[in-house]
Amino acid sequence: MSPIFEHLVQPQIQSIQPYVPGKPVSELQRELGLKHISKLASNENPLGASQKALSAIEVALKDIARYPDGNTFYLREVLSDFLSAPTNQIALGNGSNELLELVGRVFCGQGDEIIYSQYGFAVYPITAQIVGATGVEVPAKNYAHDLQAMARAVTPKTKLIYVANPNNPTGTLFGRAEWESFMKAVPDTVMVVLDEAYLEYVETSDYPNGLDYLAQYPNLIVSRTFSKAYGLASLRVGYMVASEEIISYINRLRAPFNVNHFAQVAAAAALQDQQFVLQSVELNRQGKQQICEALARLDISFIHSEGNFVCVEFGDKASEINTKLLHHGVIVRPVSNYGLTRFLRVSIGNRAENQHFIDALHQVL
Ligand SMILES: Cc1ncc(COP(=O)(O)O)c(C=O)c1O
């Protein structure tokens, strides 16, 4: 296709490489005609979603012709109770992805700098490009955020820093002391987004829960999602908690009905089923152990992960192994777009899916 409108497109948009999602099961079915496929590529919940969320959607179906509540009133009430945070400090998004981008659009433009870590979540550099800001990638330390170096990278042009804890795709984590000295070092004129998409899976007690720091740091924005441990990825619903002022700016930019009705009722119901979340977390713990033990037996190294996925090192063969796994019906995620060309990211599935991956791996190695 030869471009016709290129000269009309904003220069920063021309250079954007679109976000590459995990390959859908239906696509692999079309391509290879396979019946038995395990998708371990998008950090989804292998347990599905809470029955309470599914029932709430069934009841809500009769309202399908109506616009959703543009203020997400009920969901914010339920979240407010759950988080012990005022409703006016909560913004709902079409996935946390939308909110991560909106924050960039609220605070950054041409000439500003946005800091994120090497191997940080792909949406951060994409957002920097979208808003025309300069993305400043700070080298990682042992595949993890180097928070000290990130604080040192702040210049008078820095408007925003994105950090993910745990990080995707590496699964790495920072503890309380490291986080607290980082927040002390960052000027209060710089916004910090703490992306906690995977917090439910974290096992270490040294985890700094972002909500505990909001009162002390008015420049802090905590981001969370219903896509992972709550199993609502397809509904697209996430939230941010921050000062009332920051939330009001985000709300100015939100599309009028950015969170659909089914997402709202399902998320509210899912929050009230913490038993399901605990079950999901336990399944993930066991599945991660199943996969990591199998990798260790095969003498394959991986990055220790606190999320629902693990980044596995296959060296020069990563791309070839990915293709071979696809032919065995196992979809994992190449992460060369992160510069992790020697790795593949494997989401933790249920016991049978994990075994499918392990068996396929034995055959392709
Ligand atoms: C670190 C991180 N943050 C945010 C998101 C966005 O999730 P969602 O838009 O589904 O809430 C993801 C999705 O994979 C992620 O890995």
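The values are calculated or read from the model by the stated rules, or taken from the named source; none is laboratory data. Every value quoted in this text rests on a predicted model; they were computed, and no experiment measured them. Cβ coordinates were reconstructed from backbone atoms using ideal geometry, including for glycine residues, and neighbour counts include every protein chain displayed. For the accessible areas, the whole protein counts, side chains as well, though only heavy atoms, and no ligand, DNA or RNA atoms are used. Shrake-Rupley method; radii C 1.70, N 1.55, O 1.52, S 1.80 Å.
Please list R254, R105 in order of solvent-accessible area, largest first, computed with a 1.4 Å probe with all protein chains present.
Descending order: R105, R254.
Quote the accessible area belonging to T341 in square angstrom, nearest 10, computed with a 1.4 Å probe and with ligands, DNA and RNA left uncounted.
About 90 Å², rounded to the nearest 10.
Please compute the Kirkwood hydrodynamic radius over the stretch 65-272, one decimal place, Å, based on all pairs of different Cα atoms.
17.1 Å is the Kirkwood radius here.
Can you tell me which of S84, S319, S280 moves the most in a GNM of the chain? Springs connect C-alpha atoms under 10 Å apart.
Judging by the Gaussian network model, the answer is S84.
Rounded to the nearest 5, what is the percent of antiparallel bridges among the DSSP beta bridges in the stretch 65-272?
35
Translational D (Stokes-Einstein, µm²/s) of the stretch 26-148 at 37 °C and 0.692 mPa s when Rh comes from the Kirkwood sum over C-alpha pairs?
175
Length gain on complete extension for the stretch A65 to L83, per 0.36 nm per residue less the alpha carbon to alpha carbon distance?
Taking 0.36 nm per residue and subtracting the Cα distance, the gain is 3.3 nm.
If packing is taken as the mean number of other Cβ atoms within 10 Å per residue, what is the order of 55-61, 126-132, 343-349, highest first?
Most protected by this proxy first, the peptides run 343-349, 126-132, 55-61.
Per-residue HN-Hα couplings for the stretch 91-104, Karplus 6.51 cos²θ - 1.76 cosθ + 1.60 at θ = phi - 60°, whole Hz, x for Gly and Pro?
10, 9, x, 6, x, 5, 3, 4, 5, 4, 6, 4, 4, x
What does the charge count near E306 come to, summing +1 for each Lys or Arg and -1 for each Asp or Glu among other residues with Cβ under 13 Å from its Cβ?
Around E306, the surrounding residues sum to -1.
Arrange the residues K62, K157, K324 by how much accessible surface each exposes, largest first, with a 1.4 angstrom probe.
Largest to smallest exposure gives the sequence K62, K157, K324.
Tell me the label-point distance for the pair I300, T155, using the 7 Å Cα-to-Cβ offset, in nm and rounded to one decimal.
4.2
What are the equivalent ellipsoid semi-axes of the chain, built from the alpha-carbon gyration tensor (square roots of five times its eigenvalues), in whole angstrom, biggest first?
Each semi-axis is √(5λ); the values are 31, 26, 22 Å.
Order R285, R252 by their accessible area, 1.4 angstrom probe, all chains in place, largest first.
Of R285, R252, the descending order of accessible area is R252, R285.
Hey, how many Å between the Cα centroid of the stretch 226-272 and the Cα centroid of the stretch 6-80?
The two parts, judged by their Cα centres, are 13 Å apart.
For the stretch 315-326, just list the computed ³J(HN,Hα) in residue order, Karplus coefficients 6.51, -1.76 and 1.60, θ = phi - 60°, integers in Hz, with x standing in for Gly and Pro.
Values, residue by residue: x, 5, 8, 3, 5, 5, 5, 4, 5, 5, 4, 4 Hz.
Net charge near E180: determine it from the other residues with C-beta under 13 Å of the C-beta of E180, scoring Lys and Arg +1 and Asp and Glu -1.
Local net charge: -1.
What is the percent carbon and sulfur in the accessible area of the stretch 1-109, measuring with a 1.4 Å probe over the protein chains and ignoring ligands?
55
Grab the Cα-Cα distance for Y19 and E293, subtract it from 0.36 nm times how many residues apart they are, and report the gain in nm with one decimal.
Extending this stretch completely gives an extra 95.5 nm.
Nearest 5 is fine: what % of DSSP beta bridges in the chain come out antiparallel, could you say?
So the antiparallel bridges in the chain amount to around 50 percent.
Once you place label points 7 Å from the Cα toward the Cβ at A255 and S181, how far apart are they in nm?
4.4
Under the rule of at least 5 residues apart or a separate chain, name every residue whose amide H is placed under 5 Å from the amide H of T134.
Answer set, sorted by chain and number: G111, D112, E113, I114.
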